1. Tally time: how many residues in segment 169-224 are touching a Lys or Arg at 6+ places or on another chain (Cβ under 6 Å) and either assigned by TED's automatic domain parsing to the domain that holds residue 319 or among the charged types (D, E, K, R) (or both)?
2. So which residues in segment 195-239 are under 21 Å from residue 278 (Cβ atoms), small (Gly, Ala, Ser) and assigned to a strand (DSSP E or B), if there are any at all?
3. Would you point out the residue of segment 32-60, among those that are among the β-branched types (Val, Ile, Thr) and in a strand (DSSP E or B), that is nearest to residue 381 (Cα to Cα)?
4. Which of the residues that make up segment 9-22 are closer than 15 Å to residue 69 by Cα, touching a Phe, Trp or Tyr at 6+ places or on another chain (Cβ under 8 Å) and outside any strand (DSSP E or B)?
5. Restricting to segment 37-57, and then to whatever is out of contact with any Pro (no Cβ under 7 Å at 6 or more places or on another chain) and over 14 Å from residue 86 (Cα atoms), can you tell me which residue is surrounded by the fewest Cβ atoms within 10 Å (Cβ to Cβ)?
6. Kindly evaluate residue 340 against the criterion of being assigned by TED's automatic domain parsing to the domain that holds residue 306, under 24 Å from residue 275 (Cα atoms) and touching a Pro at 6+ places or on another chain (Cβ under 8 Å).
7. Being under 29 Å from residue 372 (Cα atoms), exposed (fewer than 13 other Cβ atoms within 10 Å of the Cβ) and out of contact with any Pro (no Cβ under 6 Å at 6 or more places or on another chain) narrows it down to one of 183, 178, so name that one.
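The values are calculated or read from the model by the stated rules, or taken from the named source; none is laboratory data. Given the structure is predicted, the values throughout are model-derived calculations rather than measurements. Every residue, glycine among them, receives a Cβ derived from its backbone with ideal geometry; neighbour counts consider all protein chains shown.
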Amino acid sequence: MSWRKVKLKTLLSQPVQNGYSPVCPDEPNGKWVLGLGALSDTGLDATQIKPAPVSDSKVDDFLLQPGDFLVSRSNTRDKVGRSALFKGEVQNCSYPDLMMRFRVNAEAIYPEFLEMYLRSHEAVKYFQRSASGTSGTMVKINKRVVENLRVPLPPLPEQTAIADLLSTWDASIEKTGKLIAAKEKRLNALYQLFFQPGTRVNSSWSNTKIGQFVAPRKERALPSRETPLFSLTIEDGVTPKTDRYNRDFLVKDNGSKTYKVVHPGDIVFNPSNLRWGAIARSHIKHKVVISPIYEVLEIKADKVDPVFLEHALTCPRQIGIFATRTEGTLIERMAVKLDAFLLTEIMVPLNKKEQQEVASFLNLARKEIELLKAQAAEYRKQKRGLMQKLLTGQWRVTHKQEVN
C-alpha cells in the first residue's frame, strides 16, 4: 500500500488546547504542573515539574492522561514546537499555558509513530518556520499551525513497525545516558575523595595558592589563519568560533582590537561565569586568540603537573569555592577577579609523581565518560539517519526487524 500525507487535524480525537499556568506554591502537595523545560529535544523530561495549587480547581481541567500529546507553543526559536507523548510519567500532572495538548485517533495513526514524526527534522523545521513574534528571544506557534502540520500516513502495521524499530535506538540512547550519569556520579565522588579536605588520601597534601602554579599570559595578537579566533563554553571548553562570527568580529574591530593569545595547555576562565564552571585547559594543539574578557594563564609545569592542576581547578567542589569569590554590586556584573582567583588555595600533593598518578586515575574516569558520550552521539546520529529514511518512505518496513 502507498503512503499519503494528511493534515494533523484530520487525525485528532480531541482538539488542540492551550494549557493553564497557576500560581504555584513552594511546597509539594501531590499535584503538579509541567515546567517549560519538560519538553526536550528527546521527549518528555518528567523531572521538570512544579507543585500545583490544590485549591485551584481550574488545574483539574488540564490534568494530563496517557496518550496526550504536548507541543511547546512559545519558546526560543530553536525550542518552539518541541513535543512529547505523555505516557503517565507523573500522576496528577497538568500542563502550562505555554504548551498545547491534543489527542489522536489511534485507529488512524499509531501514537508512537506520530511521536517519532513530531521529532523529525521535517516537523521541527515546519514549526520553527511557522513561528512568529516580535520578541528577539521568544516566538510562538498557534493551534492552526499544529493542525496544518502534514503527517505521512503509511499503513497502520507499518507505522507500528517503524515506531518499534526506532524505539530500539531510543532504548540504547537511554541506557547510555544512564551509564553516563552513573560514571559522572563516580567521577564526582573521586573528586571529593581527592580534593575534599581531611580524606584518607590527601592528609599529607599542601594547601597552596593557585598563583604559585600559574602566571597571567600577556601575549596579544589579532585573529589570523595562524591564530584563529576561539571562545570558551562551559560545555566544550576552548572551542572555535563559527566562520560567520569570525568574519563579523574582524569587520567590526577593523584591525584595531587585539586579543589574548592562548597556547596549548593554558588555563582559560571567564571571570563573569566562573561560578557556573566557565574554566578549562586548552586542548587545542596550536595557538589561538580569545576575547580580552577572558583570563589566560600559563601553567608553571616545573611546579605542578598540568593535568593534575586541570582537574583541581575544574572539579565541582572547586567551582563552588570560586562562586564564593565573586565581587560586584549587581548580580549581572558579579565576577571573580584575577587577583582573587590567584589567591584561592587548592590542595596539592608535594610529590609530583603522586600528582601524576592522581591525574592519570582521574583521566581514566573522565575518558570513560567521554567515550560513552561519543557513543550516545553516534546512536543519535544513526537514529536521525533512520528517521529520515523511514519517516519519508525511502525505506519501507514490513516488520520491526526487516528493512527493505
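1. Total meeting the criteria: 1.
2. Across segment 195-239, the qualifying residues are 215, 231, 237.
3. Step one: of segment 32-60, the residues among the β-branched types (Val, Ile, Thr) are 33, 42, 47, 49, 54, 59.
With the extra rule that they be in a strand (DSSP E or B), the set shrinks to 33, 49.
Numbers: 33: 32, 49: 29 Å.
Across segment 32-60, the extreme among qualifying residues is 49.
4. 19 - this is the single residue of segment 9-22 that is closer than 15 Å to residue 69 by Cα, touching a Phe, Trp or Tyr at 6+ places or on another chain (Cβ under 8 Å) and outside any strand (DSSP E or B).
5. Pass one, segment 37-57, residues out of contact with any Pro (no Cβ under 7 Å at 6 or more places or on another chain): 37-50, 54-55, 57.
Applying the additional criterion that residues be over 14 Å from residue 86 (Cα atoms) yields 37, 41, 50, 54-55, 57.
Values: 37: 14, 41: 11, 50: 17, 54: 12, 55: 10, 57: 8.
Once the filter is applied, the top-ranked residue is 57.
6. Working: assigned by TED's automatic domain parsing to the domain that holds residue 306: yes; under 24 Å from residue 275 (Cα atoms): yes; touching a Pro at 6+ places or on another chain (Cβ under 8 Å): no.
No, not satisfied.
7. Working: 183 fails: exposed (fewer than 13 other Cβ atoms within 10 Å of the Cβ).
Every option except 178 fails the conditions.
Each row is one residue, and each column tells you yes or no for (1) within 14 Å of residue 8 (Cβ to Cβ); (2) not small (Gly, Ala, Ser).
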{"site": "117", "(1), (2)": "yes, yes"}
{"site": "126", "(1), (2)": "yes, yes"}
{"site": "130", "(1), (2)": "yes, no"}
{"site": "137", "(1), (2)": "no, yes"}
{"site": "143", "(1), (2)": "yes, yes"}
{"site": "152", "(1), (2)": "yes, yes"}
{"site": "162", "(1), (2)": "no, yes"}
{"site": "165", "(1), (2)": "no, yes"}
